[in-house]
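Below is one structure, written out as C-alpha cells, with a few remarks after it.
Where a number appears in this text, it was derived from the coordinates with a stated rule and is not lab data. Note that the coordinates shown come from a computational prediction; the quantities given were computed from them, not determined experimentally. So basically every Cβ, Gly included, is an ideal-geometry build from the backbone, and we count neighbours across all protein chains shown.
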Amino acid sequence: MKILPLILLAPSEEKASGGAKGRLPETLVQRWVREQLVTLARTGAPEALKRAFEVKDLALDKARSEALALKGSVPLLPALARYTGVAFQALDAASLPPEVWARVFILSNLRGLVRGDEPVPPYKLKLGALPGLKAHWRKALPGQLATLPEGPVWELLPGETANLLKDWNRPRHTVEIFDARGKAISHFSKKYRGLVARWILTHQQGEPRKVLQGRIPGCQWAGVSENGLGGLALRLLVEP
C-alpha cells in the first residue's frame with residue numbers, strides 16, 4: 001500500500017469567521033494557552049492588548065471578543081477552512097479531495113498541532129503575544145508530533161515556526177525559495193509553500209526526486225541538497 005505524504009504548514013493571521021457552535025476538548029498544554037489568552041483579554045490594559053494583538057480599534061475589539069469567547073462554546077470550522085492567508089489561498093483545499101485534508105497539519109499558536117480537518121475556533125494569537133508561549137510550544141510540540149501517521153514529512157514552514165521543531169527528531173524534507181537572482185525569499189514565500197503543498201497533495205507524491213519533476217506555477221526547481229533534518233532541501237526559483 002502506498003504511504004502518503006504529510007504536510008506541515010504555519011497558521012495564518014487571516015481567518016474565516018463563523019462555524020458551528022461547539023466546545024473543543026483540550027489537553028493540559030492547550031488549556032494553558034487558552035487560559036493565558038483569556039486572562040490577557042480580560043485584564044490586559046488597552047496598550048498591552050494593542051501590543052499583544054498588533055491591531056487597534058475595531059480589529060482589537062474583535063480579537064479581544066474572540067479571546068474572551070474561548071471560555072465557552074465557540075464557532076468551529078475545519079482548520080483548512082478557518083485559515084485563509086496567502087499559503088492557504090494557494091493550497092485551495094476546498095478543491096482537493098476531503099481525504100487529503102487529514103494529511104495536512106498546522107502548527108496553531110492556540111492549539112499546537114492541528115490536523116487539516118480538525119475544528120478550530122476564530123482567534124488571534126501571535127507567538128510573541130504571551131510570555132513563555134514559544135518555549136511552551138517548543139517543549140510540547142514533540143509530544144504532539146509523535147502522533148503523526150507514517151509517510152514522508154514536508155516541513156513547509158517559515159523560520160520562526162520551524163524553530164519550534166528544533167527538538168523534534170523525525171526526518172523531514174524542506175523547500176528553500178529564491179528569486180531569479182538567487183536571493184532567498186522570506187515574506188513573500190507563503191504563496192509558493194502553498195503551491196508546493198498543493199502539488200504534493202494533488203499528486204499524492206512525497207518522494208523528493210518525484211516532486212522535483214513536478215511543475216509549480218511561476219517557478220522552476222533548481223536543485224536539491226541535504227537539509228540537516230534527516231531529509232532533503234529542494235531549491236525552488238521564482239520566475240521573474
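State all residues of segment 73-102 that are assigned to a helix (DSSP H, G or I), surrounded by fewer than 18 Cβ atoms within 10 Å (Cβ to Cβ) and not hydrophobic (A, V, I, L, M, F, W, C); if no residue qualifies, say none.
Gln89, Ser95, Pro98, Glu99
Is segment 19-39 home to any residue that is assigned to a helix (DSSP H, G or I), among the acidic types (Asp, Glu) and either touching a residue at least 60 places away in the same chain (Cβ under 8 Å) or under 30 Å from Ile200 (Cβ atoms) (or both)? Walk me through it before giving the result.
Of the residues in segment 19-39, the ones assigned to a helix (DSSP H, G or I) are 28-39.
If we keep only those that are among the acidic types (Asp, Glu) too, we end up with 35.
Those left that are additionally either touching a residue at least 60 places away in the same chain (Cβ under 8 Å) or under 30 Å from Ile200 (Cβ atoms) (or both): none.
For segment 19-39, residues assigned to a helix (DSSP H, G or I), among the acidic types (Asp, Glu) and either touching a residue at least 60 places away in the same chain (Cβ under 8 Å) or under 30 Å from Ile200 (Cβ atoms) (or both): absent.
When segment 1-22 is examined, which residues are found to be more than 29 Å from Gly128 (Cα to Cα) and in contact with a Phe, Trp or Tyr (Cβ under 8 Å, 6 or more places away or on another chain)?
Across segment 1-22, the qualifying residue is only Pro5.
Does segment 149-161 hold any residues that are surrounded by fewer than 17 Cβ atoms within 10 Å (Cβ to Cβ) and either within 23 Å of Gln205 (Cβ to Cβ) or touching a Gly at 6+ places or on another chain (Cβ under 7 Å) (or both), and which are they?
From segment 149-161, those surrounded by fewer than 17 Cβ atoms within 10 Å (Cβ to Cβ) are 149-151, 158-160; that's our starting set.
Correct list: Pro149, Glu150, Gly151.
With the checklist (1) surrounded by 16 or more Cβ atoms within 10 Å (Cβ to Cβ); (2) aliphatic (A, V, I, L, M); (3) outside any strand (DSSP E or B) in hand, flag the one item Leu113 doesn't pass.
Every listed condition holds for Leu113 apart from (3).
Filter segment 180-198 down to residues that are of a type outside the set (Lys, Arg) and surrounded by 14 or more Cβ atoms within 10 Å (Cβ to Cβ) and give me whichever is nearest to Val153 (Cα to Cα). Before you say what the answer is, go through the steps one by one.
Within segment 180-198, the subset of a type outside the set (Lys, Arg) is 180, 182, 184-189, 192, 194-197.
From what is left, the residues that are surrounded by 14 or more Cβ atoms within 10 Å (Cβ to Cβ) are 185, 189, 192, 194-197.
Values: Ile185: 22, Ser189: 19, Tyr192: 17, Gly194: 15, Leu195: 16, Val196: 13, Ala197: 11 Å.
Once the filter is applied, the top-ranked residue is Ala197.
Thr161: assigned to a helix (DSSP H, G or I) and out of contact with any helix residue (DSSP H, G or I) (no Cβ under 8 Å at 6 or more places or on another chain), yes or no?
Yes, satisfied.
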